[in-house]
Amino acid sequence: MKIASACLQCRKGKRKCNTSTAGSACPQCSKRGLRCSSLRVISTPNSTTTLQPTPVREPQTLHSDQLPSKEITEHLVDLYISYLHDKPHTMFHEPSLRRSAQDGTLSQAVLFAIFGLSARFSKNQDIRGQGHVWSATARKLVRDDLEHACVENIQACILVGTICLADSRPDSESIFFALANRMAELLKLPITNTANDVITSEINRRVWWSLYMIDRWASAGLGLARQIHLGDGAPQLPMDEVQFRKLNPTNTTEILENWKPGIWSHMITLAKIFGDIQDLNRMLVEDEAWEEDQIESRVLGLAEELTSFERDLPPKMSFSSENLNFQQKQGVGRAFVALHLGYHHYATLLYYQYLDQRRPPTPTKRIFTERCKYHAIAFCELISTSAKQGDSEALHNVVGHMTVVSSSVLLHTLLLGDDEELPMARQRLESNFEFLVRLRDIWPSVNLMMKRLITFQNECLRTSQQGTHRFDKWMLKFLLQHSLNLDEKDTSRSNEAPLRQIYVEDERLLQRSRITESIIFG
(Lines give C-alpha, C1' and ligand atoms only; values in the text may rest on other atoms or scores of the structure.)
Protein backbone atom coordinates (compact mmCIF):
# COMPACT_ATOMS: atom_id res chain seq x y z
CA MET A 1 0.00 0.00 0.00
CA LYS A 2 1.30 3.45 -0.89
CA ILE A 3 2.17 5.53 2.14
CA ALA A 4 0.64 9.03 2.02
CA SER A 5 3.38 11.65 1.84
CA ALA A 6 1.10 14.70 1.66
CA CYS A 7 0.26 16.53 4.87
CA LEU A 8 -3.23 16.27 6.35
CA GLN A 9 -4.14 19.83 5.35
CA CYS A 10 -3.21 19.35 1.67
CA ARG A 11 -5.00 15.99 1.51
CA LYS A 12 -8.19 17.59 2.81
CA GLY A 13 -7.82 20.58 0.50
CA LYS A 14 -7.09 18.39 -2.55
CA ARG A 15 -3.82 20.24 -3.16
CA LYS A 16 -0.46 19.00 -4.39
CA CYS A 17 1.82 18.80 -1.37
CA ASN A 18 5.51 19.29 -2.01
CA THR A 19 7.83 17.51 0.39
CA SER A 20 9.20 19.90 2.97
CA THR A 21 12.26 19.74 5.16
CA ALA A 22 11.78 17.21 7.93
CA GLY A 23 9.81 18.73 10.77
CA SER A 24 8.81 21.90 8.91
CA ALA A 25 5.55 23.00 7.30
CA CYS A 26 5.03 22.32 3.59
CA PRO A 27 5.07 25.34 1.21
CA GLN A 28 1.30 25.17 0.60
CA CYS A 29 0.49 25.41 4.32
CA SER A 30 3.10 28.13 4.78
CA LYS A 31 1.46 30.14 2.02
CA ARG A 32 -1.93 29.88 3.72
CA GLY A 33 -0.72 30.32 7.25
CA LEU A 34 -2.04 26.86 8.21
CA ARG A 35 -0.66 24.69 10.99
CA CYS A 36 0.83 21.91 8.85
CA SER A 37 0.70 18.32 10.12
CA SER A 38 4.26 17.91 8.81
CA LEU A 39 5.36 20.15 11.66
CA ARG A 40 6.39 17.53 14.17
CA VAL A 41 8.55 17.05 17.22
CA ILE A 42 12.27 16.67 16.52
CA SER A 43 14.22 14.73 19.11
CA THR A 44 18.02 14.79 19.30
CA PRO A 45 20.31 12.94 21.68
CA ASN A 46 21.20 14.76 24.91
CA SER A 47 18.84 17.62 24.08
CA THR A 48 15.41 18.71 25.18
CA THR A 49 12.45 18.11 22.87
CA THR A 50 11.83 21.11 20.60
CA LEU A 51 9.53 22.12 17.78
CA GLN A 52 11.06 22.89 14.40
CA PRO A 53 9.96 26.45 13.49
CA THR A 54 7.46 26.85 10.66
CA PRO A 55 8.79 28.99 7.80
CA VAL A 56 5.67 31.11 7.19
CA ARG A 57 6.28 33.90 4.71
CA GLU A 58 5.66 37.47 5.74
CA PRO A 59 3.22 39.16 6.01
CA GLN A 60 1.03 36.05 6.40
CA THR A 61 2.41 35.22 9.86
CA LEU A 62 -0.38 35.16 12.46
CA HIS A 63 0.57 35.01 16.10
CA SER A 64 -1.48 32.76 18.34
CA ASP A 65 -2.85 35.69 20.32
CA GLN A 66 -4.71 36.81 17.18
CA LEU A 67 -6.73 33.61 17.12
CA PRO A 68 -9.68 33.32 19.48
CA SER A 69 -10.12 30.30 21.71
CA LYS A 70 -11.71 27.12 20.44
CA GLU A 71 -14.86 28.02 22.35
CA ILE A 72 -15.12 31.43 20.68
CA THR A 73 -14.27 29.89 17.31
CA GLU A 74 -17.11 27.41 17.71
CA HIS A 75 -19.45 30.21 18.82
CA LEU A 76 -18.62 32.38 15.79
CA VAL A 77 -18.93 29.52 13.31
CA ASP A 78 -22.32 28.66 14.85
CA LEU A 79 -23.45 32.25 14.35
CA TYR A 80 -22.25 32.26 10.75
CA ILE A 81 -24.13 29.06 9.98
CA SER A 82 -27.28 30.31 11.70
CA TYR A 83 -27.45 33.78 10.12
CA LEU A 84 -25.46 33.73 6.86
CA HIS A 85 -24.74 30.20 5.60
CA ASP A 86 -27.17 29.35 2.75
CA LYS A 87 -28.67 32.87 2.83
CA PRO A 88 -26.79 35.50 0.77
CA HIS A 89 -24.34 32.78 -0.33
CA THR A 90 -23.91 29.02 0.00
CA MET A 91 -20.29 27.89 -0.01
CA PHE A 92 -19.67 25.24 2.61
CA HIS A 93 -20.51 21.72 3.72
CA GLU A 94 -21.64 22.48 7.25
CA PRO A 95 -20.08 19.49 9.08
CA SER A 96 -16.79 19.94 7.20
CA LEU A 97 -16.73 23.66 7.99
CA ARG A 98 -17.20 23.04 11.71
CA ARG A 99 -14.55 20.33 11.75
CA SER A 100 -11.92 22.26 9.78
CA ALA A 101 -12.46 25.39 11.88
CA GLN A 102 -11.71 23.39 15.01
CA ASP A 103 -8.79 21.29 13.79
CA GLY A 104 -6.95 24.18 12.15
CA THR A 105 -7.25 23.04 8.53
CA LEU A 106 -9.58 25.83 7.38
CA SER A 107 -8.00 28.62 5.33
CA GLN A 108 -7.20 31.43 7.74
CA ALA A 109 -8.52 34.05 5.31
CA VAL A 110 -11.86 32.23 5.31
CA LEU A 111 -11.77 31.73 9.07
CA PHE A 112 -11.09 35.38 9.92
CA ALA A 113 -13.67 36.57 7.39
CA ILE A 114 -16.26 34.33 9.07
CA PHE A 115 -15.22 35.82 12.42
CA GLY A 116 -15.58 39.36 11.05
CA LEU A 117 -19.03 38.70 9.63
CA SER A 118 -20.53 36.68 12.47
CA ALA A 119 -19.19 38.70 15.43
CA ARG A 120 -21.93 41.29 14.84
CA PHE A 121 -24.54 38.70 15.81
CA SER A 122 -22.93 37.80 19.15
CA LYS A 123 -24.52 38.89 22.41
CA ASN A 124 -21.03 39.23 23.88
CA GLN A 125 -19.96 42.88 23.63
CA ASP A 126 -16.25 42.01 23.64
CA ILE A 127 -16.68 39.64 20.71
CA ARG A 128 -18.71 42.20 18.77
CA GLY A 129 -16.01 44.79 19.40
CA GLN A 130 -13.39 42.48 17.93
CA GLY A 131 -15.26 42.01 14.66
CA HIS A 132 -13.61 44.90 12.82
CA VAL A 133 -10.16 43.59 13.80
CA TRP A 134 -10.91 40.15 12.41
CA SER A 135 -12.35 41.73 9.26
CA ALA A 136 -9.18 43.75 8.71
CA THR A 137 -7.09 40.60 9.18
CA ALA A 138 -9.22 38.74 6.62
CA ARG A 139 -8.80 41.53 4.05
CA LYS A 140 -5.03 41.51 4.57
CA LEU A 141 -4.80 37.73 4.18
CA VAL A 142 -6.84 37.81 0.97
CA ARG A 143 -4.76 40.62 -0.53
CA ASP A 144 -1.52 38.80 0.31
CA ASP A 145 -2.56 35.65 -1.56
CA LEU A 146 -4.40 37.10 -4.56
CA GLU A 147 -2.13 35.44 -7.10
CA HIS A 148 -3.21 31.97 -6.02
CA ALA A 149 -6.50 30.87 -7.59
CA CYS A 150 -8.19 28.23 -5.44
CA VAL A 151 -11.66 27.57 -4.05
CA GLU A 152 -10.63 28.70 -0.56
CA ASN A 153 -9.56 32.09 -1.94
CA ILE A 154 -12.82 32.41 -3.88
CA GLN A 155 -14.71 31.77 -0.65
CA ALA A 156 -12.54 34.30 1.15
CA CYS A 157 -13.10 36.95 -1.55
CA ILE A 158 -16.85 36.47 -1.32
CA LEU A 159 -16.80 36.76 2.47
CA VAL A 160 -14.56 39.85 2.42
CA GLY A 161 -16.72 41.39 -0.31
CA THR A 162 -19.72 40.89 1.99
CA ILE A 163 -17.81 42.64 4.78
CA CYS A 164 -17.17 45.58 2.44
CA LEU A 165 -20.88 45.67 1.60
CA ALA A 166 -21.65 45.85 5.33
CA ASP A 167 -19.18 48.71 5.77
CA SER A 168 -20.57 50.76 2.84
CA ARG A 169 -17.42 50.29 0.75
CA PRO A 170 -19.06 49.49 -2.61
CA ASP A 171 -15.94 49.84 -4.75
CA SER A 172 -13.98 47.39 -2.61
CA GLU A 173 -16.99 45.07 -2.51
CA SER A 174 -17.15 45.03 -6.30
CA ILE A 175 -13.39 44.40 -6.64
CA PHE A 176 -13.39 41.40 -4.29
CA PHE A 177 -16.43 39.89 -6.03
CA ALA A 178 -14.83 40.44 -9.44
CA LEU A 179 -11.64 38.72 -8.25
CA ALA A 180 -13.70 35.76 -7.08
CA ASN A 181 -15.37 35.56 -10.50
CA ARG A 182 -12.04 35.58 -12.30
CA MET A 183 -10.58 32.87 -10.05
CA ALA A 184 -13.67 30.73 -10.73
CA GLU A 185 -13.08 31.16 -14.47
CA LEU A 186 -9.42 30.20 -14.14
CA LEU A 187 -10.36 27.07 -12.20
CA LYS A 188 -13.18 26.24 -14.67
CA LEU A 189 -15.36 25.86 -11.60
CA PRO A 190 -18.64 25.14 -13.48
CA ILE A 191 -17.09 22.03 -15.02
CA THR A 192 -17.29 18.97 -12.79
CA ASN A 193 -13.91 17.45 -12.03
CA THR A 194 -14.35 13.67 -11.92
CA ALA A 195 -11.36 13.38 -9.60
CA ASN A 196 -13.24 15.24 -6.86
CA ASP A 197 -15.37 13.46 -4.29
CA VAL A 198 -19.09 14.21 -4.08
CA ILE A 199 -18.81 16.72 -1.23
CA THR A 200 -16.04 18.70 -2.96
CA SER A 201 -18.01 18.75 -6.23
CA GLU A 202 -21.11 20.05 -4.47
CA ILE A 203 -19.09 22.73 -2.66
CA ASN A 204 -17.63 23.91 -5.98
CA ARG A 205 -21.11 23.93 -7.51
CA ARG A 206 -22.49 26.00 -4.64
CA VAL A 207 -19.60 28.46 -4.78
CA TRP A 208 -20.25 29.05 -8.48
CA TRP A 209 -23.98 29.57 -7.99
CA SER A 210 -23.21 31.93 -5.12
CA LEU A 211 -21.15 34.00 -7.55
CA TYR A 212 -24.08 33.98 -9.97
CA MET A 213 -26.48 35.22 -7.29
CA ILE A 214 -24.03 37.86 -6.09
CA ASP A 215 -23.53 39.07 -9.67
CA ARG A 216 -27.28 39.57 -10.07
CA TRP A 217 -27.41 41.71 -6.92
CA ALA A 218 -24.02 43.41 -6.63
CA SER A 219 -23.77 44.49 -10.28
CA ALA A 220 -27.23 46.06 -10.11
CA GLY A 221 -26.37 47.65 -6.76
CA LEU A 222 -23.56 49.64 -8.39
CA GLY A 223 -25.19 50.12 -11.78
CA LEU A 224 -22.59 47.90 -13.48
CA ALA A 225 -22.93 45.33 -16.22
CA ARG A 226 -23.33 41.72 -15.08
CA GLN A 227 -20.26 39.50 -15.40
CA ILE A 228 -21.84 36.04 -15.41
CA HIS A 229 -24.12 34.92 -18.21
CA LEU A 230 -25.65 31.48 -18.19
CA GLY A 231 -24.99 29.20 -21.11
CA ASP A 232 -24.57 25.54 -21.83
CA GLY A 233 -21.70 25.41 -19.35
CA ALA A 234 -23.78 26.18 -16.26
CA PRO A 235 -23.36 23.51 -13.56
CA GLN A 236 -26.09 21.37 -12.04
CA LEU A 237 -28.29 23.15 -9.51
CA PRO A 238 -27.41 22.66 -5.83
CA MET A 239 -28.86 19.69 -3.98
CA ASP A 240 -31.24 19.93 -1.05
CA GLU A 241 -29.56 21.66 1.91
CA VAL A 242 -30.61 19.06 4.47
CA GLN A 243 -29.40 16.22 2.22
CA PHE A 244 -26.07 17.97 1.72
CA ARG A 245 -25.62 18.50 5.45
CA LYS A 246 -26.12 14.77 6.03
CA LEU A 247 -23.79 13.76 3.19
CA ASN A 248 -20.67 11.83 4.21
CA PRO A 249 -18.42 9.20 2.57
CA THR A 250 -20.57 6.32 3.90
CA ASN A 251 -23.98 7.42 2.54
CA THR A 252 -23.10 9.01 -0.81
CA THR A 253 -24.88 6.45 -2.97
CA GLU A 254 -28.08 6.51 -0.95
CA ILE A 255 -28.36 10.31 -0.92
CA LEU A 256 -27.50 10.74 -4.59
CA GLU A 257 -30.16 8.20 -5.54
CA ASN A 258 -32.70 10.40 -3.73
CA TRP A 259 -31.33 13.70 -5.04
CA LYS A 260 -33.74 16.62 -4.98
CA PRO A 261 -33.33 20.38 -5.46
CA GLY A 262 -33.07 22.53 -2.38
CA ILE A 263 -33.99 26.06 -1.38
CA TRP A 264 -31.01 27.48 -3.24
CA SER A 265 -32.07 25.78 -6.46
CA HIS A 266 -35.33 27.70 -6.23
CA MET A 267 -33.49 30.91 -5.35
CA ILE A 268 -31.45 30.54 -8.53
CA THR A 269 -34.59 30.08 -10.63
CA LEU A 270 -35.94 33.31 -9.15
CA ALA A 271 -32.64 35.11 -9.72
CA LYS A 272 -32.88 34.35 -13.45
CA ILE A 273 -36.30 36.04 -13.53
CA PHE A 274 -34.88 38.89 -11.44
CA GLY A 275 -32.28 39.54 -14.15
CA ASP A 276 -35.01 39.84 -16.78
CA ILE A 277 -36.97 42.24 -14.55
CA GLN A 278 -33.84 44.38 -14.16
CA ASP A 279 -33.40 44.46 -17.94
CA LEU A 280 -37.03 45.49 -18.47
CA ASN A 281 -36.80 48.33 -15.96
CA ARG A 282 -33.58 49.61 -17.52
CA MET A 283 -35.22 49.53 -20.95
CA LEU A 284 -38.12 51.61 -19.65
CA VAL A 285 -35.94 54.45 -18.40
CA GLU A 286 -33.72 54.45 -21.50
CA ASP A 287 -36.51 54.51 -24.09
CA GLU A 288 -37.78 57.98 -24.91
CA ALA A 289 -41.20 56.72 -25.98
CA TRP A 290 -43.02 53.84 -24.35
CA GLU A 291 -44.87 51.31 -26.47
CA GLU A 292 -47.57 50.29 -24.01
CA ASP A 293 -48.52 47.11 -25.84
CA GLN A 294 -44.92 45.93 -25.96
CA ILE A 295 -44.37 46.76 -22.29
CA GLU A 296 -47.55 45.01 -21.24
CA SER A 297 -46.59 41.93 -23.21
CA ARG A 298 -43.22 41.69 -21.46
CA VAL A 299 -44.76 42.28 -18.05
CA LEU A 300 -47.37 39.60 -18.64
CA GLY A 301 -44.66 37.16 -19.72
CA LEU A 302 -42.58 37.76 -16.60
CA ALA A 303 -45.70 37.68 -14.44
CA GLU A 304 -46.49 34.24 -15.83
CA GLU A 305 -42.95 33.07 -14.99
CA LEU A 306 -43.40 34.22 -11.39
CA THR A 307 -46.81 32.60 -11.19
CA SER A 308 -45.44 29.34 -12.59
CA PHE A 309 -42.57 29.46 -10.13
CA GLU A 310 -44.92 29.71 -7.16
CA ARG A 311 -47.32 27.12 -8.57
CA ASP A 312 -44.60 24.57 -9.29
CA LEU A 313 -42.89 24.73 -5.90
CA PRO A 314 -42.87 21.39 -4.05
CA PRO A 315 -45.59 21.23 -1.37
CA LYS A 316 -43.12 21.79 1.47
CA MET A 317 -41.55 24.79 -0.29
CA SER A 318 -44.67 26.93 -0.70
CA PHE A 319 -45.16 29.42 2.08
CA SER A 320 -47.46 28.63 5.00
CA SER A 321 -47.12 28.67 8.77
CA GLU A 322 -46.95 24.87 8.76
CA ASN A 323 -44.15 24.84 6.20
CA LEU A 324 -42.26 27.54 8.07
CA ASN A 325 -42.40 25.38 11.20
CA PHE A 326 -41.25 22.36 9.19
CA GLN A 327 -38.33 24.17 7.55
CA GLN A 328 -37.29 25.70 10.86
CA LYS A 329 -37.10 22.26 12.44
CA GLN A 330 -34.98 21.17 9.47
CA GLY A 331 -32.54 23.97 10.29
CA VAL A 332 -33.26 26.00 7.13
CA GLY A 333 -36.00 28.36 8.34
CA ARG A 334 -34.06 31.54 7.59
CA ALA A 335 -33.18 30.38 4.06
CA PHE A 336 -36.84 29.44 3.50
CA VAL A 337 -37.95 32.93 4.54
CA ALA A 338 -35.23 34.51 2.34
CA LEU A 339 -36.57 32.57 -0.66
CA HIS A 340 -40.07 33.97 -0.26
CA LEU A 341 -38.89 37.49 0.57
CA GLY A 342 -37.02 37.40 -2.73
CA TYR A 343 -40.14 36.26 -4.57
CA HIS A 344 -42.23 39.16 -3.26
CA HIS A 345 -39.43 41.68 -3.82
CA TYR A 346 -38.91 40.67 -7.45
CA ALA A 347 -42.67 40.83 -8.09
CA THR A 348 -42.83 44.29 -6.50
CA LEU A 349 -40.08 45.46 -8.87
CA LEU A 350 -41.91 44.02 -11.87
CA TYR A 351 -45.11 45.96 -11.20
CA TYR A 352 -43.54 49.08 -9.66
CA GLN A 353 -43.70 51.06 -12.88
CA TYR A 354 -47.50 51.10 -12.63
CA LEU A 355 -47.39 53.32 -9.54
CA ASP A 356 -46.38 56.09 -11.97
CA GLN A 357 -49.48 58.26 -12.29
CA ARG A 358 -48.55 59.27 -15.82
CA ARG A 359 -49.38 55.80 -17.10
CA PRO A 360 -52.67 55.51 -19.05
CA PRO A 361 -55.52 54.60 -16.64
CA THR A 362 -56.27 51.24 -18.25
CA PRO A 363 -57.77 48.18 -16.52
CA THR A 364 -54.37 46.49 -16.80
CA LYS A 365 -52.67 49.39 -14.99
CA ARG A 366 -55.11 49.11 -12.10
CA ILE A 367 -54.54 45.35 -11.85
CA PHE A 368 -50.76 45.70 -11.93
CA THR A 369 -50.84 48.55 -9.39
CA GLU A 370 -52.78 46.36 -6.98
CA ARG A 371 -50.35 43.49 -7.54
CA CYS A 372 -47.44 45.78 -6.68
CA LYS A 373 -49.16 46.77 -3.44
CA TYR A 374 -50.07 43.16 -2.68
CA HIS A 375 -46.47 41.92 -2.93
CA ALA A 376 -45.10 44.88 -0.94
CA ILE A 377 -47.63 44.10 1.82
CA ALA A 378 -46.88 40.36 1.65
CA PHE A 379 -43.18 41.16 2.07
CA CYS A 380 -43.91 43.25 5.17
CA GLU A 381 -46.14 40.58 6.69
CA LEU A 382 -43.55 37.88 6.07
CA ILE A 383 -40.97 39.97 7.93
CA SER A 384 -43.39 40.24 10.87
CA THR A 385 -44.33 36.55 10.77
CA SER A 386 -40.74 35.37 10.78
CA ALA A 387 -39.92 37.71 13.68
CA LYS A 388 -42.73 36.23 15.77
CA GLN A 389 -41.68 32.71 14.80
CA GLY A 390 -38.18 33.13 16.18
CA ASP A 391 -34.96 31.74 14.63
CA SER A 392 -36.45 32.26 11.18
CA GLU A 393 -35.76 35.90 10.36
CA ALA A 394 -33.67 36.67 7.31
CA LEU A 395 -31.16 39.12 8.79
CA HIS A 396 -28.56 39.37 6.02
CA ASN A 397 -27.62 42.77 4.67
CA VAL A 398 -29.53 43.00 1.39
CA VAL A 399 -32.87 42.39 3.12
CA GLY A 400 -32.53 46.01 4.24
CA HIS A 401 -32.80 47.28 0.66
CA MET A 402 -35.72 44.97 -0.04
CA THR A 403 -37.51 46.38 3.02
CA VAL A 404 -36.88 49.93 1.81
CA VAL A 405 -38.53 49.12 -1.54
CA SER A 406 -41.52 47.57 0.22
CA SER A 407 -41.76 50.69 2.40
CA SER A 408 -41.75 52.98 -0.63
CA VAL A 409 -44.91 51.28 -1.89
CA LEU A 410 -46.52 51.75 1.53
CA LEU A 411 -45.57 55.44 1.31
CA HIS A 412 -47.50 55.62 -1.96
CA THR A 413 -50.60 54.37 -0.16
CA LEU A 414 -50.10 56.71 2.82
CA LEU A 415 -49.75 59.77 0.62
CA LEU A 416 -52.22 58.99 -2.15
CA GLY A 417 -54.44 56.13 -0.96
CA ASP A 418 -58.03 56.20 0.26
CA ASP A 419 -58.69 57.17 3.87
CA GLU A 420 -59.68 53.62 4.85
CA GLU A 421 -56.27 52.33 3.66
CA LEU A 422 -54.27 54.62 5.94
CA PRO A 423 -54.35 52.80 9.32
CA MET A 424 -52.97 49.51 7.98
CA ALA A 425 -50.48 51.28 5.71
CA ARG A 426 -49.19 53.25 8.69
CA GLN A 427 -48.96 50.12 10.85
CA ARG A 428 -47.02 48.23 8.18
CA LEU A 429 -44.66 51.13 7.52
CA GLU A 430 -43.94 51.38 11.24
CA SER A 431 -43.27 47.64 11.34
CA ASN A 432 -40.87 47.88 8.40
CA PHE A 433 -39.03 50.78 9.98
CA GLU A 434 -38.62 48.96 13.28
CA PHE A 435 -37.08 46.09 11.33
CA LEU A 436 -34.73 48.47 9.49
CA VAL A 437 -33.56 49.95 12.79
CA ARG A 438 -32.80 46.45 14.01
CA LEU A 439 -30.88 45.63 10.83
CA ARG A 440 -28.94 48.89 11.12
CA ASP A 441 -27.63 47.77 14.49
CA ILE A 442 -26.18 44.70 12.74
CA TRP A 443 -25.16 46.13 9.37
CA PRO A 444 -23.90 49.76 9.30
CA SER A 445 -24.69 50.07 5.58
CA VAL A 446 -28.42 49.83 6.32
CA ASN A 447 -28.13 53.42 7.58
CA LEU A 448 -27.44 54.46 3.97
CA MET A 449 -30.50 52.50 2.85
CA MET A 450 -32.67 54.29 5.42
CA LYS A 451 -31.37 57.66 4.22
CA ARG A 452 -32.36 56.65 0.70
CA LEU A 453 -35.91 56.04 1.93
CA ILE A 454 -36.01 59.51 3.55
CA THR A 455 -34.80 61.10 0.30
CA PHE A 456 -37.43 59.09 -1.56
CA GLN A 457 -40.19 60.30 0.76
CA ASN A 458 -39.16 63.93 0.30
CA GLU A 459 -39.24 63.47 -3.46
CA CYS A 460 -42.73 61.97 -3.26
CA LEU A 461 -43.97 64.99 -1.31
CA ARG A 462 -42.36 67.44 -3.69
CA THR A 463 -43.76 65.86 -6.84
CA SER A 464 -47.15 64.67 -5.58
CA GLN A 465 -49.19 67.21 -7.51
CA GLN A 466 -47.33 66.53 -10.74
CA GLY A 467 -47.44 62.74 -10.28
CA THR A 468 -45.40 60.89 -7.70
CA HIS A 469 -43.40 57.64 -8.17
CA ARG A 470 -42.31 58.66 -11.66
CA PHE A 471 -40.46 55.78 -13.29
CA ASP A 472 -37.29 57.48 -14.50
CA LYS A 473 -33.53 57.11 -14.08
CA TRP A 474 -33.70 58.50 -10.55
CA MET A 475 -36.35 55.90 -9.66
CA LEU A 476 -34.29 53.12 -11.23
CA LYS A 477 -31.34 54.15 -9.06
CA PHE A 478 -33.58 53.95 -6.00
CA LEU A 479 -34.96 50.52 -6.90
CA LEU A 480 -31.81 48.74 -8.08
CA GLN A 481 -28.62 50.64 -7.23
CA HIS A 482 -28.81 50.04 -3.50
CA SER A 483 -25.06 50.49 -2.86
CA LEU A 484 -25.05 54.11 -4.06
CA ASN A 485 -26.10 57.34 -2.39
CA LEU A 486 -29.45 58.67 -3.59
CA ASP A 487 -29.27 62.40 -4.20
CA GLU A 488 -32.34 64.56 -4.48
CA LYS A 489 -33.67 64.72 -8.00
CA ASP A 490 -32.40 67.63 -10.07
CA THR A 491 -35.47 69.71 -10.99
CA SER A 492 -33.67 72.76 -12.36
CA ARG A 493 -34.93 71.95 -15.86
CA SER A 494 -38.40 70.81 -14.87
CA ASN A 495 -41.67 72.53 -14.04
CA GLU A 496 -42.08 70.72 -10.74
CA ALA A 497 -43.07 72.88 -7.78
CA PRO A 498 -40.87 73.17 -4.70
CA LEU A 499 -41.80 71.27 -1.56
CA ARG A 500 -42.81 74.35 0.47
CA GLN A 501 -45.34 75.45 -2.17
CA ILE A 502 -46.95 72.02 -2.24
CA TYR A 503 -47.36 72.11 1.53
CA VAL A 504 -49.23 75.39 1.27
CA GLU A 505 -51.49 74.29 -1.55
CA ASP A 506 -52.49 70.82 -0.30
CA GLU A 507 -53.49 70.65 3.35
CA ARG A 508 -54.52 66.99 3.01
CA LEU A 509 -51.08 66.02 1.74
CA LEU A 510 -49.49 68.07 4.52
CA GLN A 511 -51.33 66.09 7.17
CA ARG A 512 -50.39 62.76 5.61
CA SER A 513 -46.77 63.77 5.21
CA ARG A 514 -46.62 64.43 8.94
CA ILE A 515 -47.64 60.80 9.50
CA THR A 516 -44.78 59.47 7.38
CA GLU A 517 -42.32 61.92 8.95
CA SER A 518 -43.32 60.81 12.45
CA ILE A 519 -42.63 57.19 11.44
CA ILE A 520 -39.32 57.82 9.69
CA PHE A 521 -37.89 60.45 12.01
CA GLY A 522 -39.46 59.10 15.22
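The values are calculated or read from the model by the stated rules, or taken from the named source; none is laboratory data. The structure presented is a predicted model; accordingly, all values stated were derived computationally and were not measured. Every residue, glycine as well, gets a Cβ built from its backbone with ideal geometry; the counts of neighbours run over all protein chains shown. Note: accessible area is taken over every heavy atom of the protein model, side chains too, but ligands, DNA and RNA are not part of it. Shrake-Rupley method; radii C 1.70, N 1.55, O 1.52, S 1.80 Å.
Structure summary
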| quantity | calculated |
| --- | --- |
| Accessible area of Y83 in the full protein assembly, 1.4 Å probe (Å², nearest 10) | 50 Å² |
| Part-to-part distance (alpha-carbon centres) for segment 211-266 and segment 276-325, which is given in Å | 21 Å |
| Gyration tensor (alpha-carbon) shape descriptor, segment 84-156, a/c threshold 1.5 | oblate |
| Highest to lowest packing among 193-199, 377-383, scored as the average C-beta count within 10 Å | 377-383, 193-199 |
| Protein accessible area in segment 153-256, 1.4 Å probe - carbon and sulfur % | 54 percent |
| Portion, in percent, of the accessible area of segment 387-435 that falls on carbon or sulfur, probe 1.4 Å | 44 percent |
| Packing-based ranking, highest mean first, of 250-262, 323-335 given that Cβ atoms within 10 Å are counted | 323-335, 250-262 |
| Mean accessible surface per residue for segment 157-270, computed with a 1.4 Å probe while every protein chain stays in place, in Å² | 44 Å² |
| Long pairs among K70/K123; K87/K272; K70/K260; K451/K473; K123/K329; K272/K316, criterion Cα-Cα beyond 25 Å | K70/K260 |
| Cβ-placed point charges (K, R +1; D, E -1), dipole of segment 331-471 about Cα centre in debye, nearest 20 | 460 debye |
